[in-house]
Amino acid sequence: MMKRPDSEKTGAIKITIIGWRGAYPGPGEATSGYLLQSGDLNLLIDCGSGVLSRLQQYISLDAIDAVILSHYHADHVADMHCLQYAARVSMDLGTRDAPLSIYGHAEDPYFDTLNYHNYSRAHAIDTETALHVGGLTLTFVRNVHPAPCFSMRIEKDDQIVTYISDTEWTDPLVDAARDADLLICEASLYNAYQGVVPGHLTAGEAGEIARQANVGRLILSHLPHFGNHEDLLNQAAAVYHGPVELARTGSTWQVMPT
Ligand code: ZN
């Protein structure tokens, strides 16, 4: 069950869109970044260009407990090192107690940079191991993308949120999204580009994942810098007949426990 949030601390998972552009941010925008709040946990999912500035419209950086990164392309990690600097400044000033926990795959040397003195700690994720953080259980599927990249299924009791990061179609994405209350899915491409640009989904494919997985709501994100985004919406809605929206900065949803 889901509703627009107007209350806190209900045990719900709350998602706020911080950034939704692919490749680079437009004016006042950010690339991939999603704030997930659950109980006392404040988890940032991806930390792309512009995310750090936009994030502070909603929460203090000191309150971010952990970051999870789908992969290490710049539009998903560009602000990561600055967030590590922020953790350093806060710990030195005494406004942050604990190091920032950063979760990401260990298949690239970039992983080692997620350890930063005693200010941030890197923790490896993989498809074989469930991650437990702040009452959430996260599991991962491998995407099909030029760099190692993972989508994530996030569960708490009967609440399910799935985030599909950069990928072309692969069947395990449907399992990752199965019966999710909320699916945030990349839709970098209009349908006309299917098979033309590797490593990304079309809006129609995002809709097909949502349909096959029987999700409660589909949010299209990682959107392109050309064309009419309403076409993306229509192409997804032609396949998936549940509620579908374009990700927009500051949009929030709350997945309620039943
Ligand atoms: Zn990418």
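The values are calculated or read from the model by the stated rules, or taken from the named source; none is laboratory data. As the structure is a computational prediction, the values presented were derived from the model and not from experiment. Here the Cβ positions follow ideal geometry from the backbone for every residue, glycine too, while neighbour counts run over all protein chains shown. Ligands, DNA and RNA are stripped out before the accessible areas are found, and what is left, the full protein with its side chains, is counted by its heavy atoms. Shrake-Rupley method; radii C 1.70, N 1.55, O 1.52, S 1.80 Å.
Structure notes:
- Computed P(r) (all Cα pairs; the chain; 5 Å bins; percent): 1, 7, 14, 19, 21, 18, 12, 6, 2, 1, 0
- Fraction of accessible area attributable to carbon and sulfur, the range 2-255 (%, probe 1.4 Å): 50 percent
- Between GLU155 and ASP231, the contour length at 0.36 nm per residue exceeds the Cα-Cα span by 24.3 nm.
- The residues packed around ALA236, meaning those with a beta-carbon under 12 Å from its beta-carbon, carry a net charge of -4 if Lys and Arg are +1 and Asp and Glu are -1.
- Note on TYR58 and HIS132: with the Förster distance fixed at 25 Å, the Cβ-Cβ geometry gives a FRET efficiency of about 0.50.
- Per-pair calculated FRET efficiency, R0 = 41 Å: HIS117 and TRP169 via Cβ, rounded to 0.05: 0.50
- Longest DSSP-loop-exposure-free segment, GluC sites (Glu not before Pro), the chain, at most 10 other Cβ within 10 Å: 129-258
- Mean separation of Cα contacts under 8 Å, 6 or more apart, over the residue count of the chain: relative contact order %: 19 percent
- For the range 116-195, the C-alpha radius of gyration divided by 2.2 N^0.38 Å, with N the number of residues, is 1.23.
- Antiparallel bridges, percent of DSSP beta bridges restricted to the chain (to nearest 5): 55 percent
- Restricting the range 171-258 to trypsin sites (Lys or Arg not before Pro) in coil, as DSSP defines it, with at most 16 other Cβ within 10 Å: ARG178, ARG248
- In this structure the chain gives 40 Å² per residue of accessible area when probed at 1.4 Å with all protein chains present.
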